[in-house]
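Worksheet for the structure shown next.
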Amino acid sequence: MDAGFESFEVEEIRDKRVTKRGSTEYLIKWKGYPEHEKTWEPPENLQCYSMISEFEEAHSKKEIRRFKRPKNPEDKDGFDFKYTAKRIMGVSHDDDGRILFLIRWITDKGEKDVSFVYASRANDHIPSLVIDFYESKLTWHKQYRVSKKKT
């Protein structure tokens, strides 16, 4: 270790926020330091990748649980009310394992609304948003350069 270099160990990630500039920061409780010395840190300052992944998974599950789920596929949803689907915010499943998308809507009065919709309905009504959602979840571990073959 270099002289004058102090190492900090993350004990726990306590919260997450998005700054006005759109960057993500995590509230970090540092191991060996009191509560009042927690700090907000951008992910590039942290080397606890598995802790960040675990926090993100738990955070998204907590966020999704607060929205009402339809009881069955025949329940009315935003498509029935002629709302405009703006984006898919998340994904979950019902007790029978059927996929549900959490969708942000713009109502006929121009208000924002959020609700779950069965994937089968979303696939029929907004296939491009479904594709965009899944593409945003892809993880590329290594990029390969594509070059044209000389003929």
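The values are calculated or read from the model by the stated rules, or taken from the named source; none is laboratory data. Model, not experiment: these values are computed from the prediction. Neighbour counts run over all protein chains shown; Cβ positions are idealised from the backbone, glycine included.
Quick notes on this structure:
- Filter result for the condition that a residue is more than 25 Å from residue 136 (Cβ to Cβ), surrounded by 13 or more Cβ atoms within 10 Å (Cβ to Cβ) and in contact with a Phe, Trp or Tyr (Cβ under 9 Å, 6 or more places away or on another chain), over 37, 41, 11: 11
- Taking the listed residues 55, 79, 67, the one that is assigned to a loop (DSSP other than H, G, I, E, B) and touching a Lys or Arg at 6+ places or on another chain (Cβ under 9 Å) is 79, with no other qualifying.
- Residue list for the range 50-95, filter: among the hydrophobic types (A, V, I, L, M, F, W, C) and either within 12 Å of the chain's Cα centre (by Cα) or at pLDDT below 80 (or both): 55, 58, 64, 67, 88, 89, 91
- Single condition residue 114 does not satisfy, out of (1) out of contact with any helix residue (DSSP H, G or I) (no Cβ under 9 Å at 6 or more places or on another chain); (2) over 30 Å from residue 13 (Cβ atoms): (2)
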